[in-house]
Amino acid sequence: MGLERFTPDSTIFADEAVLRDGYRPEKLIERDNELEQYQSALKPVINGAPPKNLFLYGQTGVGKTLSSRMIIERLDADQEDLDDVEVSFVELNCKSLNSSYQVAANLINKFREPEDQIKPTGYPSGMIFTMLFEELEKLDATHCLVVLDEIDAIGNDDDILYKLPRANDNGNVANTAVGVIGISNDFTFRDNLSARVKDSLCDEEIHFPPYDANELGNILKQRASEAFHNTTVQERDDGEFELSSEILEDDVIPLCAAFAAQDSGSARQALKLLYKAGDMARDEGSERISEGHVRNADEVVERDKVREELSRLPTQSKLTLYGLLLLEEEDVLPAKRNRIYERYVLAAKRIDAEVRTDRTIHDRLSQLTLKGFLDVREQNKGPKGGSYYEYEFSIRADLVRDVLQEDGRMQELFEGTDGSMTLDSF
Ligand SMILES: Nc1ncnc2c1ncn2[C@@H]1O[C@H](COP(=O)(O)OP(=O)(O)OP(=O)(O)O)[C@@H](O)[C@H]1O
Ligand SMILES: [Mg+2]
C-alpha cells in the first residue's frame, strides 16, 4: 500500500487550465450587445471628453469582470494612437473591503510606489479622500478610469460612490478627468443605492442578463476545443458553433448548458460542471466523458454551491436553521413559525447571541425561503380557523448540519456525544 504515483495524464484533457475560473479566454462570445453598450459609453474618453460613470450589474458568472478587463485592454491599446489623450486605469476588487474608507485607502496605494504605501486605518476620513484626490490630480494622464469590482461589499457606507464620480464636478480634481465603473452582482445593493449615488455613479447602467442554454453551449464549445484532446469547434455561417470531439459524447455539452441555464445562467457554473465531469471521467480511467459523468458532476457542483451559500449566512439565519434542524430530529417538520422561534431562542441564548424578535425571525424565514433553502406551505384551517404557514427544508438537512457545525460560533450547539445537537433546556 502506498500513495499512487503522480503520472502525467491524461487522455481526456489537453489543457485543463482552460476550464478554470482564472483563465482568460481570447474572445468573449455571446455578449455583443453589452460590449457595444459598454464601448459606446466609453467613447467620450477617446474624444477627449470627460468619461461617463458606469454601473454594471448582473448575476454572478455572467461575464461582468471579463468584459470589463477586455474593454479596458482594448481602450488601453487603442489610445496609443491618440496624441491628445492619455488614459490611466486602476482596477480594484472590493470583495474584502467593507467601507468607503478602505476602498479609498486601497486606491491610494494602487497609485503609490511600494515604499510610499499608507496604512489601511488611522486617518480621518476627510483626509483619506483628500489624499486620493491628490493622487488623481497629479497623474500624468488626461483621464483616469477607476474600476471598482464587487463594489457591493461596502454596503451602506457608500460615500466613495458619490465623491469619486463627482470629483471633477465638485472641484476636487481639476487636471484629470475621472470616471468610475462600478460592478456588482447584488441586486439589493443596486436597488438600495442612495439617490445621490444613483445620480452620480449611474450615468449609464449596463445590465448583464443570465445566459440561456444556447449561449452557454456556445461558450462551452469554444472552451472545450482548447481543453480536451481531439476536440475542435467551427463557427458556422449562422453564428452557431459546431463541435466535433472524440472525448465528449454528444449530450455532454448540451446537458452542462441546460443544467447551468436552469439554475443560474452562469458561465462560471457551466464551466465548473464541464470541468468536474472531465475530472470524474479521468478519475475513472474512462476515455470519454458521458452524460452520466455530467449528472454526477452536477450533484457535486450543486452541493458545493449550496454549501458555500449556507456558510456565508449571518449567525441569526444560521440559528434559525438550527431551530429547524432540531425539529427535523424530532421528526416534526414542516413546522409553524412559533415552534421554530422557540428553538431559535434557546439556541441564541446558548451561544450568547442577541435574541431577535419573533417578527425578525419571520423575515429570516422568508429570506431563507427566497434563497431556496426552505419550502413554505400555507395551511388552511377551514372557514373559521384562518391560515398559517409551515416551513421545512428544501435542501438536505445533513448538508445544513455539516455547514453549521463548521461554524466556530455554532459549535457549542453540537457538543453532545459524536456531535449530536444539544440544548440544555430540553
Ligand atoms: N461570454 C463569455 N465567453 C467566454 N467565457 C465567459 C463568458 N462569460 C463568462 N465567461 C467565463 O465565466 C467565468 C465568470 O465570468 P466573470 O468572472 O466575468 O463573471 P462575473 O459576472 O464577473 O461574476 P461575479 O459577479 O461572480 O464576479 C469566467 O471564467 C469567464 O471566463
Ligand atoms: Mg466578477
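The values are calculated or read from the model by the stated rules, or taken from the named source; none is laboratory data. Here the structure is a predicted model, which means the values were calculated and not measured. Positions of Cβ are backbone-derived with ideal geometry, glycine not excepted, and every protein chain shown enters the neighbour counts. Ligands, DNA and RNA are excluded from the accessible area calculation, which covers all protein heavy atoms including side chains. Shrake-Rupley method; radii C 1.70, N 1.55, O 1.52, S 1.80 Å.
So which of GLY126, GLY122 is outside any helix (DSSP H, G or I) and either open to solvent by 30 Å² or more (accessible area, probe 1.4 Å) or over 27 Å from ILE71 (Cβ atoms) (or both)?
Values: GLY126 fails: outside any helix (DSSP H, G or I).
Step by step, each of GLY126, GLY122 is checked, and only GLY122 is outside any helix (DSSP H, G or I) and either open to solvent by 30 Å² or more (accessible area, probe 1.4 Å) or over 27 Å from ILE71 (Cβ atoms) (or both).
Has segment 3-21 got any residue that is outside the structural domain of ALA227 (by TED's automatic domain parsing), within 16 Å of ligand 2 (Cβ to nearest atom) and farther than 26 Å from ILE160 by Cβ?
As a first pass, look at segment 3-21 and keep what is outside the structural domain of ALA227 (by TED's automatic domain parsing): 3-21.
With within 16 Å of ligand 2 (Cβ to nearest atom) added as a condition, the list becomes 20-21.
From what's left, farther than 26 Å from ILE160 by Cβ: 20-21.
Yes; the residues of segment 3-21 include at least one that is outside the structural domain of ALA227 (by TED's automatic domain parsing), within 16 Å of ligand 2 (Cβ to nearest atom) and farther than 26 Å from ILE160 by Cβ.
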Q: Name, by its number, the condition in (1) surrounded by 14 or more Cβ atoms within 10 Å (Cβ to Cβ); (2) more than 16 Å from ligand 1 (Cβ to nearest atom) that does not hold for ILE219.
A: (2)
**Q.** Residue that is surrounded by fewer than 20 Cβ atoms within 10 Å (Cβ to Cβ) and at pLDDT 95 or above, where the choices are THR231, THR188
**A.** THR231
Q. Taking the stated definitions as given, is ARG356 of a type in the set (Lys, Arg), part of a loop (DSSP other than H, G, I, E, B) and open to solvent by 50 Å² or more (accessible area, probe 1.4 Å)?
A. yes
Q.
Going through VAL147, VAL180 one at a time, which residue ends up being within 16 Å of ligand 1 (Cβ to nearest atom) and at pLDDT 95 or above?
A. VAL147
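Would you confirm, using the coordinates I've provided, whether ALA260 is outside the structural domain of ASN168 (by TED's automatic domain parsing), more than 16 Å from ligand 2 (Cβ to nearest atom), outside any loop (DSSP other than H, G, I, E, B) and crowded, with 18+ Cβ neighbours inside 10 Å? Let's see the steps before the verdict.
Details: outside the structural domain of ASN168 (by TED's automatic domain parsing): yes; more than 16 Å from ligand 2 (Cβ to nearest atom): yes; outside any loop (DSSP other than H, G, I, E, B): yes; crowded, with 18+ Cβ neighbours inside 10 Å: yes.
Against the criterion (outside the structural domain of ASN168 (by TED's automatic domain parsing), more than 16 Å from ligand 2 (Cβ to nearest atom), outside any loop (DSSP other than H, G, I, E, B) and crowded, with 18+ Cβ neighbours inside 10 Å), ALA260 qualifies.
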(Q) Please count how many residues of segment 143-199 are among the charged types (D, E, K, R) and away from ligand 2 (no atom under 16 Å from the Cβ). (A) 10
Q. Applying the selection to segment 35-65, what residues are within 16 Å of ligand 2 (Cβ to nearest atom), more than 29 Å from LYS276 (Cα to Cα) and out of contact with any Asp or Glu (no Cβ under 7 Å at 6 or more places or on another chain)?
A. LEU35, TYR38, LEU56
Q. List pairs: first in segment 165-189 and over 10 Å from GLU137 (Cα atoms) and among the charged types (D, E, K, R), second within 16 Å of ligand 1 (Cβ to nearest atom) and open to solvent by less than 50 Å² (accessible area, probe 1.4 Å), Cβ under 6 Å, 6+ apart or cross-chain?
A. ASP186/ASP152
Q. In this structure, is LEU97 within 16 Å of ligand 1 (Cβ to nearest atom) and assigned to a helix (DSSP H, G or I)?
A. no
Q: Answer with yes or no whether GLU91 is surrounded by fewer than 21 Cβ atoms within 10 Å (Cβ to Cβ), at pLDDT 95 or above and over 23 Å from SER184 (Cβ atoms).
A: no
Q.
For a quick check of your reading of the model, give me the residue pairs whose first member lies in segment 101-115 and is open to solvent by less than 50 Å² (accessible area, probe 1.4 Å), whose second is aromatic (Phe, Trp, Tyr) and in a loop (DSSP other than H, G, I, E, B), with beta-carbon atoms closer than 9 Å and at least 6 apart or on different chains.
A. TYR101/TYR123; ALA105/TYR123
Q: Could you list, in sequence order, all residues of segment 62-88 that are open to solvent by 60 Å² or more (accessible area, probe 1.4 Å) and touching a residue at least 40 places away in the same chain (Cβ under 8 Å)?
A: ARG69, ASP84, GLU86
Q: Run down GLN59, GLN37 and say which single residue is open to solvent by 20 Å² or more (accessible area, probe 1.4 Å) and more than 9 Å from ligand 1 (Cβ to nearest atom).
A: GLN37
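Could you check segment 366-384 and list, in sequence order, the residues that are out of contact with any strand residue (DSSP E or B) (no Cβ under 6 Å at 6 or more places or on another chain) and at negative phi? Talk me through it step by step, then tell me what you get.
Initial filter on segment 366-384 (out of contact with any strand residue (DSSP E or B) (no Cβ under 6 Å at 6 or more places or on another chain)): 366-367, 370-373, 381-384.
Within segment 366-384, SER366, GLN367, LEU370, LYS371, PHE373, LYS381, PRO383, LYS384 qualify.
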Q) Within segment 392-407, can one find any residue that is among the aromatic types (Phe, Trp, Tyr), closer than 25 Å to LYS305 by Cβ and in a strand (DSSP E or B)? A) yes
